[in-house]
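Working notes for the structure below.
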Amino acid sequence: MARICEICGKGRQVGYNVSHANNRTKRVWLPNLQHITIVEGNVKKRVRICTKCIKKGKIQKAI
C-alpha cells in the first residue's frame, strides 16, 4: 500500500541531509498518515488520511 493520503494525494518528499561540512546524503520525508474510519455515502470505509486533512475537517468520521 502506497504512503499517500487518499483525500489530498500528499505523498513522500525527497531532499538532502546537509552536514556542517556541506556533505549531502539523500533522505525522505513521509506524511503523517492515520488509519481512520469514515462515512462515504451510507458506507463505512477504512482509509489512510494525513493529519492535516483530519484537522481541516475534509472528511466525516464514523461513530
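Throughout, read-outs are computed from the coordinates displayed, never taken from laboratory work. Everything quoted here is computed from the prediction, not taken from an experiment. All Cβ positions, glycine included, derive from the backbone under ideal geometry; neighbour counts span all protein chains shown.
Scanning segment 39-63 for residues that are of a type in the set (D, E, K, R) and in a loop (DSSP other than H, G, I, E, B) yields a single hit, Lys58.
Among residues of segment 32-50 that are farther than 15 Å from Cys5 by Cβ, those with a Cβ under 7 angstrom from a residue that is assigned to a strand (DSSP E or B) and not charged (D, E, K, R), sequence gap 6+ or separate chain, pair up as Lys44/Thr37. Considering only residues in segment 1-38 that are charged (D, E, K, R) and in a strand (DSSP E or B), the one that is nearest to Lys55 (Cα to Cα) turns out to be Arg27.
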